[in-house]
Structure formats: structure tokens, C-alpha cells
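Step one of this worksheet: look at the structure below.
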Amino acid sequence: MTTPTMAVKVLRAPRVRRGNLSFDISLAILAVMTLAAMFAPLIAPYDPDAVDFAAIYSGPTAAHWLGTDALGRDILSRMIFGARPALLGPLLVVVASTVIGILLGLLAGWRGGWIDAVLGRIFDVVFAFPALLIAIMAVALFGKGLVAPVVAMSIAYAPFVARLTRTLVASERSRPYVAAYRVQGFSGSWIALRRVLPNVTPIVGAQSTLNFGYVLAELAALSFLGLGVQAPTADWGAMINEGQAGVVGGYFLPAIVPAIAVVIVVVAVNVIGEELSDRIGGGIPA
Amino acid sequence: MTTLRQVAGKLGGLLLTLFLASLLVFFSRFLVPGDPVSFLLRGRKPSPEAIAQVAAQYGLGLPPWQQYLDWVGGILQGDFGRSLQFRQDVSVVIGERLPVTLGLVVMAGTMIAVVGLIAGAVAALNRGRVLDRAVLVGLTVLGAIPSFVGSIVLIAVFAVQLGWFPSFGSGEGFLDTVYHLVLPSIALAVVFVVLIAKVTRSSMIDQLGREHVEVATSRGLTRGTVIRRHVFRNAIGPILTVSGLLVAGLLVASSIVEAAFGLSGIGSLLVQSVDRLDFPVVQAIVLLIVTAFVVVNAIIDILEPWVDPRSAAGAGAR
Amino acid sequence: MTLLDISGLTLDLPNGTRLLDAISITVAEGETVGLVGESGSGKSLTARSVLGLLPDRAETGGSVHLLGRSVLGASRSELLDLRRTTASMIFQDPRAGINPMRTVGDHLTEAMRLCEQRSAADARAAASSLLAAVRMPRPDEHLRQYPHELSGGMLQRVMIAGALSSSPRLLICDEPTTALDVTTQAEIIAVLAEQRASRGMGMLFITHDLNLAASICDRVYVMNAGRVEEQGDARQVFRDPQAAYTKRLVAATPTIVVADAEIDAIEARADVPGRASTAAPASSLPAGAGVVATPASTEPMLVASGVSKTYLRRGKAPVHAVIDASIEIPRGGALGIVGESGSGKSTLARMIVGLEQADAGDIRIAGRERTGAPTTRVARLAHARSVQMVFQDPYLSLDPRITAGRAIEDALRLHARLTTADARARVVELLEQVGLGDRHAQARPRTLSGGQRQRVAIARALAIEPDLLVMDEATSALDVSVQAQVLGVVERIRRDRGLTVLFISHDLAVVRRLCDETVVMRTGEIVERGRTIELLSAPQQPYTRLLIDSVPRPDWGREAVPQN
């Protein structure tokens, strides 16, 4: 029944209709960055690794729009090439963790019982290892670079996706519409895969979008710590690491530019993720 | 309220999680293909004595489960093995660096609690108004500032440009240490402040829409009383749960901040040990962080019946 | 002086929607005034306006005066004073209305301590005597309990005690018994009436239940879509409604009052075949799955014999949800199962449709064994064709992502090979049968009203052409006028197709309208069975009598309402 207080609740809940402007801008930013990363060799004005001792710590000039670093390398070109590992790593992690997480979450939430209990315990253990810690351990075991951390973080993030999926699936499973499908004679696996899964996937997907920002920051942090992408390869985190020395000397650009880029991408991704969550959240009755 | 049996059950869960986590930490080494001695002594030119010493320390001749039991047995007696880079006991190496990290975490934790709760509460109580939107925009931007970015910006502005705070080292004596840790703890706190503020906001908004709040209002309680006794009180549960989950992240993120500010805590020690292939230290620190996480969460779990009486009856149990 | 005087109250949303339109209501000292209406009529908003509980964003017009003091536009401190001394409110759902994290004592003493500055001991003593006044068995013990330790009925008493703690002149009750069982409702109403009389309070009683309003109110206001449609003496309004809306509402409201003429009519055709018999059922029939029985036309459509279900809970006493229940429904018959929450009626229904497995007993539908869980696809589909179900909450029993037409089509095509065109045609046909049409086929559940959704659910069940249709509280979530429409649809389909129906409800009046035979369940057991009319007019068991006596009835005898 629409409870008598429904009208009051509606009145009480002011719908903050943020303009979609920020959403559109965020999409545009990500699109531009992705394209730049894909076509880096065509766009970048310089070879990202070309050293030019004549132009060390050059400020923004016509030749170097964003200046140069301690070795005279063009920061803009390094940013463009650096977008490749910066964006690809998180993308892989998000896709892999979402797929693994949804499958495990569906299994746990739909089957329940001991499967749920065992998976829940495993998730609890993995939660005790923050993603960055698992990534650092992976580096300690398999050496520096991005491959081991990306695999490790896919595993680290999967339980988050799985637990959300599990909660959603378990609550869907107890809803009368699922019972109605059963009564109509549909098989359990058909209901789980064809009806429940599509109902929960958008919510999980929106949440995973938010993970992209965290993963990007964490992989960049790994490179910043010198454990991820190794010099001289261009990568935002590694650039901040290298630029750190310049900061103390008063040369901010080499570190600040990639730092700002990280912040912008994370903001953009979060704006998109939250907007998606809002839109989807409104569509499914509680 | 809480029966002894429930506490015992939760402690059992804690031990089980710790046990599984220690398995993971210990046996992760076995994921690396090849000879364990050459893995442990990577990047070094081992003398035959060194090889013998490592093999003896790890009991590499023994079956894996025996090695594990020896390792755990040692840890329970405070013996984490020997550091390869410092040629000292791991426990000594870690013990020297723990205070800096703890100081950092305590200062950051205080900031997170104070700023996060206030920002979240202010936003929730002004839901939909300008102040709420301003806080939300602020949180979205702050939430996108990872600690290494925060560190760089704080160093650039407050240490280099303005010269108000030191950019390096942890200082000596209590006040000097606090002074040195101001910028690092801000850098560390930023992302977590946002998370706490967001959960505070949504948890309070959830409670504000509940009927018991309306009932309390209808009985003539002042708005302040209603918010304190009914809204905030009831919103504590989710906030505490999220706080518990953040503990491990805070400890790991401190490694970034310590590296950026040249602090010698266990975070920077972890990074340094990975860099210098000092696996025993890595293992010990990972285990330490995981243990801290599990213990804090077990405490929160045990406190739960106090936070939400319904869980004492088992109704709220998972 | 008039206790409450609402005049010309309007309420607009910022987007211009008018929720309340020129509402004028008065309540005199000591008077009980009913505010009756269906969901969305604005009755709860009106009630809230009295205590200034409307959100800031709502724009109000007109005036609300409590003992001569204006509420709309009152200062914050004035509003607090009004709430503390003049009026208090009892809300619909005590489970939601009492802070689950605080003890009952805390809830009761809070306002006394913080608003009246009484000492803790003093407040506690007052709270204890209030609990005694609302007939709580162990007041001092209850003070220490948490809300989750009490039943819904007990909690509503706590809520009432809390509202009385400020000795209000006006008590506003917003659907105070809607969430409760009928026998509990009767107890709560008795407590309310007693307190109102002994304290001489005025009472504004909001309800959707016409019979309830008629039985306790002096005067009533009938609201619809934000307006007062009609007002006057309660007896007058319901006996002789003037406004078209009130007429429809009265006509749609089912009643359990049995007119003498009906009993005579029943007795005249007393030997109609197909009683839901109390005789030992089906023992002579061949048992066991797979036995193909050629059912004689006299064989009942549903035979459930000796069905039991027990839920085992770790660390707690097992719950005997259903104990040795036996029912029968003849072909084309309609059996009602009536009971309060926890009576096991829904569990029995779920076992019959196969959502739960019986621990013991035997269920046969159209002569075939349907007790166990089907293991093969063929068995599953056969089970589905033998019985279908319509669920309680139409908001939850339709898949939010699937359009109405698609939902029906899926069910059709699962059970029969159909071309797309044939399936579409059949969908439209089915929708038309339940009074919907082609245009509803494209609609997602979200865009349909509760009644429309429930009709889609019925069409979907009919698509499979089941032998038996189980309706589990299928109209409980609907407003009376919508409920009447849905019941009308079911009645017509029964007439046209000879559908056999098992109708589960807590509402005797609804069962009475639809079912020839009725079974009364209590705590898992069947306590009485018989023809509905006879059961209502001459109950044999004390529990049945209690159930019937608990249903609110105007004490001035109303003619049986003509049914459409």
C-alpha cells in the first residue's frame, strides 16, 4: 500500500536535480583523454623520452605548452603517452573485478547456504588486505611493473563487487516477482541469469564505475612509490615521483601537471559514476 | 546486553580471519616459481653462509606446513625473522619506525573524525540547500585528491612557497613531531574525510526521513534534541562500520605520505623493503597491517549490540 | 471554544501541484471526528498540519487553529509549546515510529524529562502508570525493553502512552491500527476509546476503513484527492451518502454483516454440491506421483490432506507454521482461508503452489499428486499448469524491468509453442479479460497503478490456464475502490471460465464477498470451516466469534451494502 505518509516522504525528499552539465563535461573530458591516449604518437608534439638539456625546467612556452622537466623532456608529450598506462590499468582492473565479482556475488546470493558462508568468509579475509597493499605484495613477489599489480588489484576489488552483487541478488531473490516466476514454471537458473542478473547489473556497473577512480589513484600511487611503471616510461604517477625533487626546488610544473590530471580524471569518473547510480537507483523500486 | 557467547563467537571469527590471512601472507611466497632461496636472496650476491642462514631461518628443507607453523610460532613469540637489508631482527626494525606511523595515523584519524562528521552532518541537515550542494561539490573534488597528490600540493604551497611547515622529517620531541606531522596527516586524511563525510551524510539523511524522527518532533522536542538523540545517535552504526573498513587503507596510504614527506615509519619501510627485495620485512608489515584491521573491526563488531540493540537479539546478525 | 479549527487549508508543492484544497475541519472538546479517505486523499497531510509537521517547502494557505492559537506560521517556540501541551499524534506504524535504538522507558520519559524538566524518577513513575493505563501487562519491565522485543500491538500501546504523556487536549490518530491484526485492532480501539472518555480529549481519527470510522466517530469528513467531499454525522454520511464519491466508497466497502434474506436464500438451496467438506478427503484415491487418474467430474479440484510444515530455527524453538491442515475445493468452487498474521494461511498457500515443500501430508490438484518439488522440466511445467498464484503486493510481484505484455507473453510461450503474432494476440485478449487493453501491454509496472498491476498479475496467471488459482492477500494492498474492481474481475472470470479459486485473506468481508466456503486458521491449525454465510452468522468456535466480533461495525446496524 502506498502508506499515508508517502506524500509526506515525497515532500521531505528534495530531489537535488543537478544539471547534467557536469555529467556531460565529465564524459567529454574522459573521451578526450581516451582519444589522446589511443592516438598518442599522432598527437604528441615531441618524443616523450627525448632529452633536451638546453631546455631544462622550461616554463610554459610556445614550444612546450606545459613546460619541460628536469631532463628537458616535454611534459605535454609525456602526459599524452602517460595517459596510456594511467587509463588502461584501471580499465582492466575494473572490467576484470566486475566480471569476477558479479559471478561470485550471483553464486553466493542466489544459492545461499554454505556457498554463501564460505564465499563470505573469503571476502572478509580479502577485505583485510587493502587493494594497494595487495598490489605492493604482488610487486614484492613478482617484481616491479604494472602487470602483477593489475592482476592483484582485480582480485582485491572483486570481493567489493561480489558483496554488493550478493546483497542485491539476495534481496531480489526474496521478492515476490521471483516467486512469481517460479510459480509460472521457469527454472531457477533461467530466473537467476535472465531476470535477476539484468536487474542488478546496472547498479553494480554504476558502482564499478566509481571504483575506476580509486584504482587509477592507487596504480598511480604505486608508480609514485617507484614500484609501478618504471622510468623512463611516461606515466602520470611516475612523473609525479620524478617531479618531486623539482617541487622542493620551486619547479612545480613537472609534478603538478600530472597530479592535476589525476584529480581531473578521478573527479570526472566519480561524477559519472554517481550520476549513473542516481539514475539507476531511481528506476528500481525499493 | 551482549552475551558472553556472542563475544566468544566474534572472537572465534577474528581468530579464523587472522589465521586465513596469515596463510595468505605466508604462502604467497609459494606463488613465485623457482627456488625459494634465490627468490629470497634476489638481487644479492649470496655467500654460501648467507644461503645456509636463510635456508635455516626459513626451514626451507622442511615441508611447507612445518615452515608455516615455525613462522607463526616465531611471530607469537615476537620473532619476525631477520631483515636482509639491515641485518637486524625485523621486530627491532619495525619497532623503531612504528611511533611515527602511529602518530601520523592518530593525527589523521582525529582530523577524519572531526572534519568528516561535521561536514557530513552539516550537509545532511541542509539537504538540498546551497550549503549541502557546496559541501557535496567540495567533497567530490577533495575525494579525487589521492594522498600523493595532496602531499605534493601541500609541500609546494605550505612548505616551499609559504614556508610555514617543514617538508621533510618527523622532528624531535612531542610538539616538534606534531608540527612536522601536520602536513602529512592532512594529506593522508583528505580522501578518508570525504568517505566519512559521505557516509555520515547519507546515514543521517536516512534517519531524518524515518518516522520515529517525526514522532519525536511531534512530541515537542527541540530540533537540536531530536537530531542529537534520534538522528545522529541512530546514524552512528553505518559510520562506525565504514570507519572500521578504512583502518587498513589508512595504514597503507601512510606509506605514500611517509615516502613523500621523508618520514621513516613502517609505510616507507614497506616501500623501501619491496624496493630492496627484503621479503621478511614486507611479510611482517603486511601481517601487522592486516592484524590491525582485523582487530579494530572485531572491536567494532563486539561494540555493535551497544550501537544497535537489535543486533543483540540476533535479529541483525548476518 | 472549538478545540481544532482548520479552515480553508491549502497545500501546494513548489512545482504547483495542489495536494490539499480548501480543507475545513473542526473538532470540539471531547468529540471524536473521523477523517476518511483512500491513499492520496490528503488525510495524513491534513493531520500533520495540525502539529506543524509539514515540510518547509510546502506552501500553505488558510488557517489551522488549536484552542484559538494559530499553527500555520507559528514561531518555533510557539509550535513546541503547542506540541508539548495541546495536541499529540499517534502514527500508523509503531515499528517505524518508535526509535529502535532506545528503550521503551526512554521513549516515554524523553519528552517529560527534556520538555517538562521532570526528574528521571518522577518521569519513570509517570511512564509506568501510563503503560498500566494502556493495559500493558508488566509496566516496569516494559520500561527496560527495546522495541524489537515487543509485538506490534504492544508497541502501538507504547505509542499511545507516549502521546498521552503530555496530557493533550487533542489526540490525532493517523491510521493507528492499519498495521495490526483485527483482534489487536479491537483491543487498541478499546484502549483509545477508554482514554478519550476518561480524559475528555478531542480525537481526530484518520482511517481508510469506513466501518472503523463509522463505529467510533461522532462526525466524519470524507476526503478524496485533497478535498473534503462530504461531512456530517457519521451515521448520516454512511447510511445516506450525498456526494457521488462517498456513494461509490460505501458501495465498494465490503461488510461482514449478513442480512437475514441472505441466510434464507442459502438455506433454500442448502444442498448445492461441492461443500468444502470436513470429511476425510481423498484417502480412496490412488496416491503417488505419476499415477494417471482419470478424475471423475465430482472429484474436487484441490485436495490437501494432513499437510504440515515446521520451520526449524537454530537456537530457538521450532515454529509449527501449519499443523495437519486438510482442505478441499470442488471444481469451480471458491474457498477462503481466513486468519491473522502467523496463522499459517500463507504458508499453506505457498505449499499448494509449490514454493514450499510440505513436511507431511498430501496435496492433489485435479487428481494429480502435487506434493513434492518437481524435479524435471516437464514436471515443473505440469505443476505450473495445475496451479497459479496472485501475490499480495502488486508493487513487488511484477518484474520492474519487464513490460506487462512481455510478462504475460513469457508465461504463454513457456507453456505453449506460439508464433509471435499469436502470442501477441493472446496477450491482448488476456489483458482485455481483466479490463485492461492493448496500450497497457507496453507499460512497465512502474507506470501502472496498484489495481492495474494486480490485474496484470491475474492475466499473467490466467495465461497458463491453471486448474486452480491461489490468491494470497491479493487485494490487501489496494484501496477499497480498487479492491472492488479487482474482486469484480475475479468474480467475472469465475463465472465465465468456471475457475477454481483459493482465496487467502485476513479480511472476513472480502472473503465473504468472493467465497462460498471459508476455513478459519489460527496458529497453524484449522479451527473452523463451513459455508461463509453460515460461518459469519453463526460461528461455532470462540476464536471465529472473536474474529468476527473484532471487525469494526457501526453499532446502529447498517443494511447489507448492495454489491455490484
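The values are calculated or read from the model by the stated rules, or taken from the named source; none is laboratory data. This is a predicted model, so every value here is computed, not measured. Cβ atoms come from the backbone with ideal geometry, glycine included; neighbour counts cover every protein chain shown.
Is segment C:381-398 home to any residue that is in contact with a strand residue (DSSP E or B) (Cβ under 6 Å, 6 or more places away or on another chain), part of a helix (DSSP H, G or I) and farther than 18 Å from C:Q454 by Cα? The answer is yes, given that some residue of segment C:381-398 is in contact with a strand residue (DSSP E or B) (Cβ under 6 Å, 6 or more places away or on another chain), part of a helix (DSSP H, G or I) and farther than 18 Å from C:Q454 by Cα.
Can you name the residue in segment A:139-164 that is facing chain B (nearest Cβ under 9 Å) and on the phi < 0 side of the Ramachandran plot and, of all such residues, is surrounded by the fewest Cβ atoms within 10 Å (Cβ to Cβ)? First the steps, then the outcome.
Residues of segment A:139-164 facing chain B (nearest Cβ under 9 Å): A:139-144.
Applying the additional criterion that residues be on the phi < 0 side of the Ramachandran plot yields A:139-142, A:144.
Numbers: A:V139: 24, A:A140: 26, A:L141: 18, A:F142: 16, A:K144: 18.
The residue in question is A:F142.
Looking across B:V247, B:V252, one residue alone is among the hydrophobic types (A, V, I, L, M, F, W, C) and crowded, with 24+ Cβ neighbours inside 10 Å. It is B:V252.
For the condition within 9 Å of another protein chain (Cβ to nearest Cβ), of a type in the set (K, R) and buried (at least 24 other Cβ atoms within 10 Å of the Cβ), what is the one hit in C:R83, C:R57, C:R76?
Of the residues listed, the single one that is within 9 Å of another protein chain (Cβ to nearest Cβ), of a type in the set (K, R) and buried (at least 24 other Cβ atoms within 10 Å of the Cβ) is C:R83.
Scanning segment C:372-408 for residues that are farther than 19 Å from C:D472 by Cα, touching a residue at least 40 places away in the same chain (Cβ under 8 Å) and not small (G, A, S) yields a total of 5. If you take the residues in segment C:484-503 that are surrounded by fewer than 24 Cβ atoms within 10 Å (Cβ to Cβ) and either under 17 Å from the mean Cα position of the chain (by Cα) or of a type in the set (K, R) (or both), which one is farthest from the other protein chains (Cβ to nearest Cβ)? Checked segment C:484-503; the qualifying residue farthest from the other protein chains (Cβ to nearest Cβ) is C:R495.
Let me confirm something: among A:L219, A:L227, A:L253, which residue is touching a Lys or Arg at 6+ places or on another chain (Cβ under 9 Å) and hydrophobic (A, V, I, L, M, F, W, C)? I'd like the intermediate steps shown before the answer.
Working: A:L219 fails: touching a Lys or Arg at 6+ places or on another chain (Cβ under 9 Å); A:L253 fails: touching a Lys or Arg at 6+ places or on another chain (Cβ under 9 Å).
Answer to the selection: A:L227.
Taken over segment C:463-487, the criterion of being more than 17 Å from A:A180 (Cα to Cα) and of a type in the set (S, T, Y) is satisfied by C:S476, C:S481. Would you confirm whether any residue within segment C:188-205 is part of a helix (DSSP H, G or I), within 12 Å of another protein chain (Cβ to nearest Cβ), over 24 Å from C:V250 (Cα atoms) and out of contact with any Lys or Arg (no Cβ under 6 Å at 6 or more places or on another chain)? No, that holds for no residue. When the residues of segment C:311-331 are filtered to those that are more than 26 Å from the chain's Cα centre (by Cα) and of a type outside the set (G, A, S), the one that is farthest from C:A360 (Cα to Cα) is C:R331. Within segment B:138-160, restricting attention to residues that are surrounded by fewer than 18 Cβ atoms within 10 Å (Cβ to Cβ) and either within 8 Å of chain A (Cβ to nearest Cβ) or in contact with a helix residue (DSSP H, G or I) (Cβ under 9 Å, 6 or more places away or on another chain) (or both), the residue that is nearest to A:A261 (Cα to Cα) is B:V141. Restricting the first member to segment A:117-134 and to residues that are more than 7 Å from every other protein chain (Cβ to nearest Cβ) and aromatic (F, W, Y), and the second to residues that are part of a helix (DSSP H, G or I) and buried (at least 24 other Cβ atoms within 10 Å of the Cβ), the beta-carbon pairs closer than 6 Å and six or more apart or on different chains are A:F123/A:P159. Would you check which residues across segment C:117-148 are in a helix (DSSP H, G or I), surrounded by 16 or more Cβ atoms within 10 Å (Cβ to Cβ) and charged (D, E, K, R) and list them? Within segment C:117-148, just C:R124 meets the criteria. Restricting A:G226, A:G250 to residues that are surrounded by fewer than 24 Cβ atoms within 10 Å (Cβ to Cβ), free of Cβ contacts under 8 Å to residues at least 12 places away in the same chain, at positive phi and small (G, A, S) narrows the list to A:G250. Residues in segment A:193-238 that are closer than 18 Å to B:D275 by Cα and either touching a strand residue (DSSP E or B) at 6+ places or on another chain (Cβ under 6 Å) or in a helix (DSSP H, G or I) (or both): 9 in all.
Got at least one residue in segment C:100-107 being buried (at least 24 other Cβ atoms within 10 Å of the Cβ) and either touching a Phe, Trp or Tyr at 6+ places or on another chain (Cβ under 9 Å) or farther than 30 Å from C:E230 by Cβ (or both)? So far as segment C:100-107 goes, yes, one or more of its residues are buried (at least 24 other Cβ atoms within 10 Å of the Cβ) and either touching a Phe, Trp or Tyr at 6+ places or on another chain (Cβ under 9 Å) or farther than 30 Å from C:E230 by Cβ (or both).
Against the conditions (1) at the interface with chain B (Cβ under 10 Å from one of its Cβ atoms); (2) surrounded by 21 or more Cβ atoms within 10 Å (Cβ to Cβ); (3) not in a helix (DSSP H, G or I), where does A:V271 fall short? Just the number, please. For A:V271, the exception is condition (3). Looking across segment B:23-43 at every residue that is more than 10 Å from every other protein chain (Cβ to nearest Cβ) and surrounded by 15 or more Cβ atoms within 10 Å (Cβ to Cβ), the one that is nearest to B:Y68 (Cα to Cα) is identified as B:F26.
For segment C:44-51, the condition holds for no residue, the condition being that it is of a type outside the set (V, I, T), surrounded by fewer than 18 Cβ atoms within 10 Å (Cβ to Cβ) and either under 26 Å from C:A243 (Cβ atoms) or touching a residue at least 12 places away in the same chain (Cβ under 8 Å) (or both). Any residue in segment C:338-359 that is part of a strand (DSSP E or B) and under 25 Å from the mean Cα position of the chain (by Cα)? Yes, because at least one residue in segment C:338-359 is part of a strand (DSSP E or B) and under 25 Å from the mean Cα position of the chain (by Cα).
When the residues of segment C:314-371 are filtered to those that are over 30 Å from C:A509 (Cβ atoms) and either at pLDDT 95 or above or out of contact with any strand residue (DSSP E or B) (no Cβ under 9 Å at 6 or more places or on another chain) (or both), the one that is surrounded by the most Cβ atoms within 10 Å (Cβ to Cβ) is C:R368.
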